[in-house]
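Q: If you scroll down you'll find the structure; I have some questions about it.
No lab work stands behind these numbers, since they all come straight from the coordinates. None of the values given here were measured: they were computed from a predicted structure. Positions of Cβ are backbone-derived with ideal geometry, glycine not excepted, and every protein chain shown enters the neighbour counts.
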Amino acid sequence: MAKAKKAKRKVKRYSASEKKAILDFITKQGRGGQTKAVAKFGVTAATIASWRLKDGGSGVKTAKGASKELRAVEELARLIKEISTVEARLEKLKKAYQKARAKL
């Protein structure tokens with residue numbers, strides 16, 4: 001009986017620029033980007049996942065996966081912007097009040 005030969009796996013090495021291009025493609029695609037990249041570039045999902053982990057998690061998650069601290073910071077930034085808008089409106093109203101009062 002002859003032994004069956006094992007198929008040799010062809011290993012492709014990706015340059016840093018190729019990795020960056022694929023990761024950028026995934027980021028631009030948003031949801032489902034990794035699946036689209038697997039189909040388009042022929043890279044396995046496991047390979048892409050390891051790149052993303054090594055890259056520091058370049059896939060930015062803001063809505064569902066965001067930490068409580070990140071959401072709190074975003075809320076504070078929104079409130080600061082709203083406060084500055086309201087303060088500007090208040091200054092306009094104070095000037096209008098002073099102008100109307102001066103007419104009396």
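Q: Of the listed pairs Lys19/Lys40; Lys28/Lys81; Lys20/Lys68, which have alpha-carbon separations greater than 24 Å here?
A: Those over the limit are Lys28/Lys81; Lys20/Lys68.
Q: Hey, another quick one. When the Kirkwood radius is taken over all Cα pairs of segment 62-104, what Stokes-Einstein diffusion coefficient follows at 20 °C and 1.002 mPa s, in µm²/s?
A: 167
Q: Determine, for each peptide in 91-99, 10-18, 25-33, the mean count of other beta carbons within 10 angstrom over its residues, then list the peptides with the highest first.
A: In decreasing order of mean packing, 91-99, 10-18, 25-33 become 25-33, 91-99, 10-18.
Q: While we're on this one: Return the distance in nm (one decimal) between the two label points of a simple spin-label model at Lys94 and Ser17, each offset 7 Å from Cα along Cα→Cβ.
A: Going by the 7 Å Cα→Cβ label model, 5.7 nm.
Q: Which whole-number percent of Cα pairs in segment 14-60 have a distance greater than 18 Å?
A: The proportion of pairs with Cα distances above 18 Å equals 11 percent.
Q: To make sure I understand the rule: partners must be aspartates and glutamates, Cα under 20 Å from the Cα of Lys36, and not fewer than 8 residues away in the same chain. Which ones qualify?
A: List returned: Glu18, Asp24, Asp55.
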